[in-house]
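This report refers to the structure that appears directly beneath it.
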Amino acid sequence: MGHVFHRNPLHSYPVAVAGDGAYLYDREGRRYLDASGGAAVSCLGHSDRAVIEAIQRQLEALPFAHTSFFSNEPMEALADALIEGAPAPLDRVYFTSGGSEAMEAALKLARQYFLERGEPQRAHIIGRRQSYHGNTLGALAVGGNLWRRRQFEPLLIGATHVAPCYAYRDQRDRESDAAYVARLGAELEAEIERHGGDRVIAFVAETVAGATLGAAPPVPGYFRRVREICDRHGILLILDEVMCGMGRCGTMWAFEAEGVVPDIVTIAKGLGAGYQPSGALVVAKPVYETVTAGSGFFQHGYTYLGHAAACAGALAVQRRLRNDGVLARVKPMGELLEKSLRSAFANHPHVGDIRGRGLFWALEMVADRGSKRPFDAGLRLHARIKQEALEAGLLCYPMGGTIDGISGDHVLLAPPFIIEPAQIEELVHKLDRALQRALVTS
């Protein structure tokens with residue numbers, strides 16, 4: 001494989017050479033249905049001409065101008081488009097090159113916000129167990145996945161974690177949604193009080209949990225309760241929509257379905273749809289105005305902040321979603337995907353849960369449905385499923401450690417919004433084949 005330091009240096013990767021709609025092709029001519037958008041990235045597939053041409057035009061006009069000297073037209077236009085489609089008080093956009101960068105910037109902005117307010121004692125952040133917010137050190141600290149955190153623990157800030165909203169395993173028998181929400185809220189409240197309500201900066205959560213918990217949507221009322229608790233203690237609510245946002249769950253912002261608006265929301269992946277590295281944090285007006293009325297300067301920055309070609313591509317993605325009706329496909333195609341998954345796997349002896357929203361779904365695998373007992377982690381079932389799916393010409397996103405960072409397996413699905421009914425049928429057929437073969441070898 002030459003001199004590349006790959007993610008897994010001991011693994012041999014096929015070489016991708018082309019993309020066409022929902023498919024990728026490798027150097028050997030094999031075709032793969034991209035049922036996960038890479039990692040919920042490629043919402044428009046791999047050959048959208050409007051986006052490609054927008055980037056080409058921008059490269060011809062201006063590839064790059066450092067934002068410590070200049071603004072640029074695509075960045076200004078993209079910020080306007082995002083805020084036009086965002087609820088108040090979200091009002092400003094800070095651009096990055098990806099989701100981890102966006103979360104790092106959000107954490108630093110949240111801390112600076114309280115310094116500007118004269119509350120320097122606020123220095124603690126609360127996240128959720130089995131959350132994932134990125135692989136940089138700050139994002140990793142706020143994230144709650146044991147496997148990702150363990151070897152880097154000495155380098156991480158001391159964030160703490162409460163339970164996620166994980167109804168399949170954590171909601172008790174005969175416990176109503178309201179009672180479950182009350183219990184989760186009480187845990188969050190207790191954690192805030194343990195540190196002191198005037199010492200916590202923010203609560204950070206994925207609106208719909210993604211890579212490490214597997215498309216787990218919140219139960220009704222959960223985020224309204226979280227918002228009320230944060231407001232009462234003067235704590236910022238930071239929602240991570242890097243994976244679940246930008247239309248993935250059927251609305252442009254996943255939090256629209258929850259009846260709340262965060263103080264800061266991070267986005268990436270579907271923002272640029274994979275055509276250029278793109279990310280951002282969208283910030284409420286009071287947070288922005290506190291900084292501008294105080295020091296007047298956000299003490300942060302990236303070289304590629306607001307990169308002109310990246311913003312031109314992301315702006316074209318936004319226009320395709322909104323003006324060309326692509327976003328409107330997510331709900332009906334998502335309903336068809338859900339129906340197809342339930343038809344194929346609802347009675348499968350080793351599929352414990354089918355969950356998700358929009359075009360963001362997961363199957364949680366179990367050794368025994370009745371007890372919800374997971375497979376032995378040593379079997380690495382998720383890795384076997386991924387390999388068998390690849391052999392079948394399907395790209396999906398299996399992950400291990402679903403329950404606690406060690407045990408549990410799930411398969412995440414996040415196909416492009418342009419997927420057709422016949423391709424959903426192909427997806428389910430190939431996934432069924434991959435599960436059968438992986439389970440035989442387990």
Report task. Output the number of residues of region 224-240 satisfying the condition of being farther than 14 Å from Pro89 by Cβ, in a helix (DSSP H, G or I), open to solvent by 10 Å² or more (accessible area, probe 1.4 Å) and not acidic (Asp, Glu). Result -> 4
Report task. Output the helices (runs of 4 or more DSSP H) that fall wholly within region 120-211 and possess 2 or more residues being open to solvent by less than 10 Å² (accessible area, probe 1.4 Å), or say none. Result -> 137-142, 177-195
Report task. For region 381-402, state whether one or more residues are touching a Gly at 6+ places or on another chain (Cβ under 6 Å), touching a residue at least 40 places away in the same chain (Cβ under 8 Å) and β-branched (Val, Ile, Thr). Result -> yes
Requested in this report: May I ask you to list the residues in region 20-44 that are in contact with a Ser or Thr (Cβ under 8 Å, 6 or more places away or on another chain) and farther than 20 Å from Leu412 by Cβ?
Outcome: Asp20, Gly21
Query - Restricting region 377-436 to residues that are under 24 Å from Gln130 (Cβ atoms) and of a type in the set (Lys, Arg), the residue that is least open to solvent (accessible area, probe 1.4 Å) - result: Arg384
Report task. Test Leu341 against the criterion of being at pLDDT 95 or above, buried (at least 17 other Cβ atoms within 10 Å of the Cβ) and closer than 22 Å to Gly408 by Cα, and give yes or no. Result -> yes
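Looking at the structure I just gave you, is Ala79 in contact with a strand residue (DSSP E or B) (Cβ under 6 Å, 6 or more places away or on another chain), of a type outside the set (Val, Ile, Thr), more than 26 Å from Gly405 (Cβ to Cβ) and crowded, with 20+ Cβ neighbours inside 10 Å? If you could, list the steps in order and put the result at the bottom.
Numbers: in contact with a strand residue (DSSP E or B) (Cβ under 6 Å, 6 or more places away or on another chain): yes; of a type outside the set (Val, Ile, Thr): yes; more than 26 Å from Gly405 (Cβ to Cβ): yes; crowded, with 20+ Cβ neighbours inside 10 Å: yes.
It is true that Ala79 is in contact with a strand residue (DSSP E or B) (Cβ under 6 Å, 6 or more places away or on another chain), of a type outside the set (Val, Ile, Thr), more than 26 Å from Gly405 (Cβ to Cβ) and crowded, with 20+ Cβ neighbours inside 10 Å.
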Requested in this report: Sort out which residues of region 270-298 are touching a Cys at 6+ places or on another chain (Cβ under 6 Å) and either surrounded by fewer than 20 Cβ atoms within 10 Å (Cβ to Cβ) or not in a loop (DSSP other than H, G, I, E, B) (or both), and write them in order of number.
Outcome: Gly270
Query raised in the report: Any residue in region 239-256 that is modelled with pLDDT of 95 or more, of a type in the set (Ser, Thr, Tyr) and under 19 Å from Ala86 (Cα atoms)?
Result: yes
Report summary line: Within region 165-201, of all residues that are free of Cβ contacts under 8 Å to residues at least 40 places away in the same chain and of a type in the set (Asp, Glu), the one farthest from Tyr113 (Cα to Cα) is Asp173
Query raised in the report: Out of all the residues in region 319-338, which are open to solvent by 40 Å² or more (accessible area, probe 1.4 Å) and not charged (D, E, K, R)?
Result: Asn323, Ala328, Pro332, Leu336
Query raised in the report: Right, Glu364: in contact (Cβ under 8 Å) with a residue 12 or more places away in the chain and under 24 Å from the mean Cα position of the chain (by Cα) or not?
Result: yes
Query - Residues that are open to solvent by 10 Å² or more (accessible area, probe 1.4 Å) and either more than 23 Å from Met243 (Cβ to Cβ) or of a type in the set (Val, Ile, Thr) (or both), drawn from region 354-371 - result: Ile354, Ala367, Asp368, Arg369, Gly370, Ser371
Query - Spans of strands (runs of 3 or more DSSP E) in region 7-113 with at least 2 residues small (Gly, Ala, Ser) - result: 16-20
Query raised in the report: Within the set of pairs 6+ apart or on separate chains, which have a first residue in region 153-164 that is under 12 Å from Ile125 (Cα atoms), a second that is open to solvent by less than 20 Å² (accessible area, probe 1.4 Å) and in a loop (DSSP other than H, G, I, E, B), and C-beta atoms under 8 Å apart?
Result: His161/Ser131; His161/Gly144
Query raised in the report: Scanning for something within 16 Å of Met103 (Cα to Cα), in contact (Cβ under 8 Å) with a residue 12 or more places away in the chain, within 20 Å of the chain's Cα centre (by Cα) and assigned to a loop (DSSP other than H, G, I, E, B), does region 313-335 turn up at least one residue?
Result: no
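State all residues of region 299-312 that are closer than 30 Å to Ser47 by Cβ, among the small types (Gly, Ala, Ser) and not in a helix (DSSP H, G or I); if no residue qualifies, say none. If you could, list the steps in order and put the result at the bottom.
So in region 299-312, the residues closer than 30 Å to Ser47 by Cβ come out as 302-312.
Among the residues that remain, those that are also among the small types (Gly, Ala, Ser) are: 306, 308-310, 312.
Listed by number, the list holds a single entry, Gly306.
The values are calculated or read from the model by the stated rules, or taken from the named source; none is laboratory data. These numbers come from a predicted model, not from an experiment. Using ideal geometry, Cβ is built from the backbone for each residue, glycine included, and neighbour counts are taken over all protein chains shown. For the accessible areas, the whole protein counts, side chains as well, though only heavy atoms, and no ligand, DNA or RNA atoms are used. Shrake-Rupley method; radii C 1.70, N 1.55, O 1.52, S 1.80 Å.
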